[in-house]
Protein chains: 2
Amino acid sequence: MLKKIVIFGVGLIGGSFARALRQAGAVEQIVGVGRTAKVLERAKELGIIDVASTSVEEALRGADLVLLAAPVAQTEVILKSIKPYLQAGTVVTDAGSIKGEVVTTARAVLGDKITQFVPGHPIAGLEANGPEAAIPDLYVGKKVVLTPLAENSAADVALVAQAWQQCGAIIHQLTPENHDAVFAAVSHLPHLLAFALVDDIANKPHADLLFQYAASGFRDFTRIAGSSPEMWRDISLSNQGAILTELDAYIAQLTRFRAQLAAGDGLAMQAMFANAQQARQNWQRSIETAEPQHQPDGDK
Amino acid sequence: MLKKIVIFGVGLIGGSFARALRQAGAVEQIVGVGRTAKVLERAKELGIIDVASTSVEEALRGADLVLLAAPVAQTEVILKSIKPYLQAGTVVTDAGSIKGEVVTTARAVLGDKITQFVPGHPIAGLEANGPEAAIPDLYVGKKVVLTPLAENSAADVALVAQAWQQCGAIIHQLTPENHDAVFAAVSHLPHLLAFALVDDIANKPHADLLFQYAASGFRDFTRIAGSSPEMWRDISLSNQGAILTELDAYIAQLTRFRAQLAAGDGLAMQAMFANAQQARQNWQRSIETAEPQHQPDGDK
């Protein structure tokens, strides 16, 4: 039982974490901290948090666990506000979709207190935000990737893991570097490719004609181009190195394919399509086995 | 009322055309022609066709309308078999997802009889094939793009248009060149980009780890990489010129983005994301207005 948890950013992610722990009977008191008083008041009205705090010092007093669930660009400012009042025995974690830059920032701000920071990334979400969107089962059956630091104690890592497990999540572990490389490849790059295609089409003189004939294939391929421009600017900048690596590999791939197409090399193209189709179908089967309930897990 | 129609290739596309016209009471006799006797027999058992023909000459006698609904790579061989028996007064149309090469082939094979060929492309489909998959409402509310030739009479174009309208489809018209350019941009290129990404990831040494963390964004972006490798080889070769144009523009787009990312140009990247997001959301709203029933229209 956690006596007191503090959530910075009581939106979809932070609010759902609160609701889930409450539903599991795993927490006594939930304190919310945020930039906008109105949002915090709403979260309190909705029963997501018990206390809407304006004082970081009061919020942190006696806290077992602190979750940073605000936009990842606010990590530095939040950690700076926490540092002076962070008591030994309090564990801090986050929910940012990139880990390398978060860790660098945390080391710079927290100094020796870095031992108390266990970075994490819940792979869950909905096309909605704010406290109104918070639901208790957002994390059920979803992955949470922890990227513990060498300085973290096993006990502190376990505390964070158990909290997420109480939310129904499945814990995975990667180094911050591997985390960022993996998500650059399977999440960040696809989002950027989708943005690039839609922008490319929208800028053509006959864009209206093109959109008129876009159908289901286009719809699915470009759904993620409906995502937040600000969030993706932040992710691109924060995971620049890993994304460049993946993007360069992909541009090389397209360049190779371009040459095959120009040469009319049907066999080579078909081999690539077949390899992709098989991998995609294998993957589809594996996720249907693992997650029979179809819940959008909205990678960020 | 069409007295007699002939369908070459009684699968999902041809079979659904037959079922739709039958349901609309718009045809008296439906004749099926195909390479595999067993498939034709099945189509006859299922009541999709009245006659499973082994003689093109007999099939075409007195036919009002002929639909080529076989794989587009068979167009030449089918037109060659039709040419000697094609009577004045019979209109021939097709369902191929590319038009330029079909028209070139038709001109070469049909000679003067090109006047009787009205190229078309129904934008519909399901992730299923064969006569078992044929359904009468496949085309309801879906677009059919006709690409009439200068040589076609208005009456013949109208006959084809009306047949598809009896199936519930909405008729659009483009030149063959514009058709191929449009579909290169909004259908062919996205499919090829998805194949390229999945192949790229599948070939990495740590592919298993990557697929483990692929989530809903990846799923939607790559759904179309589950498509038929053979079909996409054929489309790539048949629409080579238009696809190269789109692919070159896209590679240039990625190269520009790559430079912005390397330079840490957050503003420029955000501007591209915002332009794409807005275009995508505008498009989404426009299709929700136009097609409230959610039927996969499976662009090929």
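The values are calculated or read from the model by the stated rules, or taken from the named source; none is laboratory data. Being a predicted model, the structure only gives us computed values, none of them experimental. Every residue, glycine among them, receives a Cβ derived from its backbone with ideal geometry; neighbour counts consider all protein chains shown. Side chains are part of the model used for accessible areas, which takes the heavy atoms of the whole protein and leaves out ligands, DNA and RNA. Shrake-Rupley method; radii C 1.70, N 1.55, O 1.52, S 1.80 Å.
Filtered by the rule that a residue be open to solvent by 70 Å² or more (accessible area, probe 1.4 Å), at pLDDT 95 or above and over 19 Å from A:Ile135 (Cα atoms), region A:43-58 gives A:Glu57, A:Glu58. Take A:Val33 and decide whether it is touching a Ser or Thr at 6+ places or on another chain (Cβ under 6 Å) and within 14 Å of A:Ala69 (Cα to Cα). Against the criterion (touching a Ser or Thr at 6+ places or on another chain (Cβ under 6 Å) and within 14 Å of A:Ala69 (Cα to Cα)), A:Val33 qualifies. For A:His191, state whether it is open to solvent by less than 20 Å² (accessible area, probe 1.4 Å) and either more than 8 Å from chain B (Cβ to nearest Cβ) or out of contact with any His (no Cβ under 8 Å at 6 or more places or on another chain) (or both). Answer is yes for this residue. The set of residues in region B:1-42 being open to solvent by 10 Å² or more (accessible area, probe 1.4 Å), among the polar types (S, T, N, Q) and not in a strand (DSSP E or B) consists of B:Gln23, B:Thr36. Scanning region A:92-117 for residues that are buried (at least 24 other Cβ atoms within 10 Å of the Cβ), within 19 Å of A:Ala154 (Cα to Cα) and β-branched (Val, Ile, Thr) yields A:Val92, A:Thr93. Checking each residue of region B:195-215 against the condition of being touching a helix residue (DSSP H, G or I) at 6+ places or on another chain (Cβ under 8 Å), surrounded by fewer than 22 Cβ atoms within 10 Å (Cβ to Cβ) and in contact (Cβ under 8 Å) with a residue 60 or more places away in the chain gives no match.
Filtering B:Gln260, B:Gln270, B:Gln253 for residues that are buried (at least 16 other Cβ atoms within 10 Å of the Cβ), closer than 30 Å to A:His121 by Cβ and more than 7 Å from chain A (Cβ to nearest Cβ) leaves a single hit, B:Gln260. Would you call A:Arg285 more than 7 Å from every other protein chain (Cβ to nearest Cβ), under 25 Å from the mean Cα position of the chain (by Cα), open to solvent by 10 Å² or more (accessible area, probe 1.4 Å) and within 20 Å of B:Ala194 (Cα to Cα)? Judged against the criteria, A:Arg285 is a match. If you go through region A:94-107 and keep only what is touching an Asp or Glu at 6+ places or on another chain (Cβ under 9 Å) and under 13 Å from A:Ile78 (Cα atoms), you end up with A:Val102, A:Thr105, A:Ala106. If you check B:Asp199, B:Asp265 for being at the interface with chain A (Cβ under 8 Å from one of its Cβ atoms) and not β-branched (Val, Ile, Thr), only one passes: B:Asp199.
Condition check for A:Ala242 on (1) at the interface with chain B (Cβ under 7 Å from one of its Cβ atoms); (2) surrounded by 22 or more Cβ atoms within 10 Å (Cβ to Cβ): one failure, at (1). Could you tell me whether A:Gln277 is at the interface with another protein chain (Cβ under 7 Å from one of its Cβ atoms), modelled with pLDDT of 90 or more and open to solvent by 60 Å² or more (accessible area, probe 1.4 Å)? Spelling it out, it is not the case that A:Gln277 is at the interface with another protein chain (Cβ under 7 Å from one of its Cβ atoms), modelled with pLDDT of 90 or more and open to solvent by 60 Å² or more (accessible area, probe 1.4 Å). The residue that is farthest from A:Ile13 (Cα to Cα), among those in region A:137-149 that are open to solvent by 40 Å² or more (accessible area, probe 1.4 Å) and more than 14 Å from chain B (Cβ to nearest Cβ), is A:Val140. Scanning region B:216-228 for residues that are open to solvent by 10 Å² or more (accessible area, probe 1.4 Å), out of contact with any His (no Cβ under 8 Å at 6 or more places or on another chain) and either of a type in the set (Gly, Ala, Ser) or within 7 Å of another protein chain (Cβ to nearest Cβ) (or both) gives B:Asp220, B:Arg223, B:Gly226, B:Ser228. When A:Pro176 is tested against the conditions (1) in contact (Cβ under 8 Å) with a residue 60 or more places away in the chain; (2) more than 26 Å from A:Gly241 (Cβ to Cβ); (3) buried (at least 16 other Cβ atoms within 10 Å of the Cβ), the lone failure is (2). Against the numbered list (1) under 25 Å from A:Ala169 (Cβ atoms); (2) surrounded by fewer than 18 Cβ atoms within 10 Å (Cβ to Cβ), A:Arg61 comes up short only at (1). Taking the criterion of being in a loop (DSSP other than H, G, I, E, B) and either more than 24 Å from the chain's Cα centre (by Cα) or crowded, with 19+ Cβ neighbours inside 10 Å (or both), the residues of region B:64-89 that qualify are B:Ala69, B:Ala70, B:Leu86, B:Gln87, B:Ala88, B:Gly89. Going by what's in this entry, would B:Asp234 be described as acidic (Asp, Glu), open to solvent by 50 Å² or more (accessible area, probe 1.4 Å), within 19 Å of A:Phe257 (Cβ to Cβ) and at pLDDT 90 or above? No.
Scanning region A:202-213 for residues that are facing another protein chain (nearest Cβ under 7 Å) and under 20 Å from B:Ala274 (Cα atoms), we see that the one that is nearest to the chain's Cα centre (by Cα) is A:Ala202.
In the set (1) part of a helix (DSSP H, G or I); (2) closer than 26 Å to A:Ile251 by Cβ, A:Lys204 fails one condition alone, (1).
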